[in-house]
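Participant: Below is a structure I'd like to ask you about.
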Amino acid sequence: MDAVVIASSLQNDLTRNKETGEVLMKVEAVLKGSELIKVGQEVKAIYYGEVSIGRRFMLSGVDPPDLQWSCLPVSERAEKYIGKITELPDDSLERLRFYRKYLQDEESMLARDAYDEFAVAPYDAVKKLGPEMDREQLLEWIGDPEMATDRKRLYLTMLGVCGDEKNLPFLEKMLRSTQKSTRGGLDALIACYLTLAGEKGLPLVDELFLANQKAPYADTYAAIMAVRFHGTEGDVLPRSALVESLHHVLDRKDLADLVIPDLARWSDWSQIDRLVDLFVKADPDNNWVRVPVVNYLRACPLPAAKKALKKLEEIDPESVRRANTFFSIPVPSRDTGKSETSSSLDHPTDEKFAEAPASNGNDENELGMGEGSVVAKPGQATAALGTAALTPTTDSQQGMNPWRLSYVLVLALATIMIVQYLLLSGGAQPVKG
């Protein structure tokens with residue numbers, strides 16, 4: 001916003017402009033944009049709710065010099081809160097200390113604002129706050145069946161930071177529950193459980209979600225996302241253990257393409273024969289798995305991978321051509337053990353952990369494989385090895401794929417020629433009988 005002020009209404013419902021919704025207000029305090037607006041200045045803002053003389057609002061203005069104002073009614077307590085946050089330091093830990101007190105505040109505006117601050121906080125800052133967290137309070141909030149899913153995700157992430165093995169029976173009971181109230185935020189629940197249980201928690205996750213052929217797609221996808229979180233941001237579980245769990249998903253041909261990029265990204269080259277078999281046995285209902293398999297083999301440095309690629313090209317040259325044409329050679333990521341990305345499994349608009357839909361598709365914009373990605377549907381991981389999943393080498397590093405460039409240029413030229421022909425000939429002519 002260009003300017004933010006606290007203002008009081010000079011009109012009530014009887015004297016306001018009923019046609020436009022405009023209310024005359026007086027600026028009481030300037031929080032931002034003191035060069036654009038002054039205390040005591042009168043402004044007009046549109047507000048369709050109840051208005052009384054003296055009612056206080058926070059006005060946010062844009063497009064100077066003729067500022068356009070949006071209104072938010074504020075209580076005396078909220079006004080003090082707003083004043084305090086303008087004085088907070090930039091230090092993430094100090095900010096979280098302040099906002100933690102308002103996470104479940106009785107005023108929804110304050111609770112929502114505090115939640116949003118945690119949602120964008122660096123995960124490292126959340127971990128540093130761990131010793132100061134109220135574990136019992138978190139358990140109460142997590143166990144509340146009426147708790148919103150996004151907040152439950154945040155509180156599970158926080159429990160993973162401050163909890164211990166004593167909390168595992170509570171979490172295991174939730175994992176085994178079939179009640180709908182516990183299914184929201186399942187990805188964060190699994191991740192929290194693995195954080196506290198460590199490697200010995202993987203067998204339960206395998207049993208319930210990854211190796212269980214009858215597990216619903218949404219549940220299995222939640223488990224995959226939790227494993228992916230631990231492989232990229234967590235420092236509790238070794239990737240060698242995580243890939244063993246992901247191997248179970250390869251037995252489900254409708255979901256296998258979701259984990260192939262992770263195996264390649266984490267340099268697990270033990271599945272060449274298994275993936276070749278998936279490629280060979282793919283049918284029209286799951287042939288989307290073929291491109292990820294090809295990209296896995298392209299990323300693999302072993303001679304067996306090059307030999308397998310030749311075999312697959314004889315079986316389905318079109319899938320191999322698509323992988324080579326549209327995707328650079330994927331580069332496996334290094335195991336850094338840490339990530340500086342923001343906070344975890346708490347916020348669906350980080351969209352790392354949104355609810356998984358139950359439909360198929362091939363929208364390459366929803367691969368669910370990169371940082372900050374949204375949910376992937378079965379078949380949508382087809383292009384993942386060529387996108388953020390494996391941090392592909394950029395054109396500036398390796399140069400543009402000449403075959404891809406030629407393909408695009410020829411297609412563009414053909415399109416232009418067809419359009420010109422249609423324009424000159426007056427369009428397609430009907431066939432005479």
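The values are calculated or read from the model by the stated rules, or taken from the named source; none is laboratory data. This one's a predicted model, so the numbers in the text were calculated from it and none came from an experiment. Using ideal geometry, Cβ is built from the backbone for each residue, glycine included, and neighbour counts are taken over all protein chains shown.
Participant: Taking the residues in region 63-99 that are outside any loop (DSSP other than H, G, I, E, B) and of a type in the set (S, T, Y) as candidates, determine which candidate is surrounded by the fewest Cβ atoms within 10 Å (Cβ to Cβ).
Facilitator: For region 63-99, the residue satisfying everything is S70.
Participant: Name the helices (runs of 4 or more DSSP H) wholly within region 159-260 that hold at least 2 residues that are within 29 Å of P122 (Cα to Cα) and among the aliphatic types (A, V, I, L, M)?
Facilitator: Filter on region 159-260 gives 168-176, 186-197, 202-205, 217-232, 239-246.
Participant: Continuing with this model, one more query. Select from region 238-270 the residues that are of a type in the set (A, V, I, L, M, F, W, C) and in contact with an Asp or Glu (Cβ under 7 Å, 6 or more places away or on another chain) and write down the one among them that is surrounded by the fewest Cβ atoms within 10 Å (Cβ to Cβ).
Facilitator: Result: A241.
Participant: Another question, then. Given the condition farther than 22 Å from P216 by Cα, touching a Pro at 6+ places or on another chain (Cβ under 6 Å) and either of a type in the set (D, E, K, R) or without any contact (Cβ under 8 Å) to a residue 12 or more places away in the chain (or both), answer yes or no: does some residue in region 258-265 qualify?
Facilitator: The answer is yes, given that some residue of region 258-265 is farther than 22 Å from P216 by Cα, touching a Pro at 6+ places or on another chain (Cβ under 6 Å) and either of a type in the set (D, E, K, R) or without any contact (Cβ under 8 Å) to a residue 12 or more places away in the chain (or both).
Participant: Given the options L139, L154, L159, L171, name the one that is under 27 Å from L202 (Cβ atoms), modelled with pLDDT of 95 or more, out of contact with any Cys (no Cβ under 7 Å at 6 or more places or on another chain) and crowded, with 17+ Cβ neighbours inside 10 Å.
Facilitator: L154
Participant: Looking at (1) over 26 Å from P284 (Cα atoms); (2) touching a residue at least 24 places away in the same chain (Cβ under 8 Å), can you tell me which one P203 breaks?
Facilitator: Tallying (1) over 26 Å from P284 (Cα atoms); (2) touching a residue at least 24 places away in the same chain (Cβ under 8 Å), P203 fails exactly one: (2).
Participant: Quick one: what pairs do we get from region 22-44, first residue free of Cβ contacts under 8 Å to residues at least 12 places away in the same chain, second surrounded by 15 or more Cβ atoms within 10 Å (Cβ to Cβ), C-beta under 8 Å, 6+ apart or different chains?
Facilitator: Short answer, once both residue conditions are applied: K38/V27; K38/V30.
Participant: Is it the case that region 8-20 has a residue that's within 26 Å of D113 (Cα to Cα) and modelled with pLDDT of 95 or more?
Facilitator: Among the residues of region 8-20, at least one is within 26 Å of D113 (Cα to Cα) and modelled with pLDDT of 95 or more, which makes the answer yes.
Participant: Give the residues of region 114-136 that are buried (at least 16 other Cβ atoms within 10 Å of the Cβ), without any contact (Cβ under 8 Å) to a residue 24 or more places away in the chain and among the charged types (D, E, K, R), sorted by residue number.
Facilitator: E117
Participant: Given the criterion touching a residue at least 40 places away in the same chain (Cβ under 8 Å) and over 25 Å from A256 (Cβ atoms), identify the matching residue among T178, T232, T149, T182.
Facilitator: That would be T149, the only listed residue that is touching a residue at least 40 places away in the same chain (Cβ under 8 Å) and over 25 Å from A256 (Cβ atoms).
Participant: Among the numbered criteria (1) of a type in the set (D, E); (2) modelled with pLDDT under 95; (3) touching a helix residue (DSSP H, G or I) at 6+ places or on another chain (Cβ under 9 Å); (4) surrounded by fewer than 19 Cβ atoms within 10 Å (Cβ to Cβ), which single criterion is violated by D273?
Facilitator: Single failed check for D273: (2).
Participant: Condition first: β-branched (V, I, T) and either closer than 20 Å to D63 by Cβ or surrounded by 19 or more Cβ atoms within 10 Å (Cβ to Cβ) (or both). Now tell me which residues in region 1-51 satisfy that.
Facilitator: V4, V5, I6, T20, V23, V27, V30, I37, V43, I46, V51
Participant: Could I ask something else about it? Do you know which of the residues in region 261-281 that are of a type in the set (A, V, I, L, M, F, W, C) and assigned to a helix (DSSP H, G or I) is farthest from L309 (Cα to Cα)?
Facilitator: Among residues in region 261-281 that are of a type in the set (A, V, I, L, M, F, W, C) and assigned to a helix (DSSP H, G or I), the one farthest from L309 (Cα to Cα) is L263.
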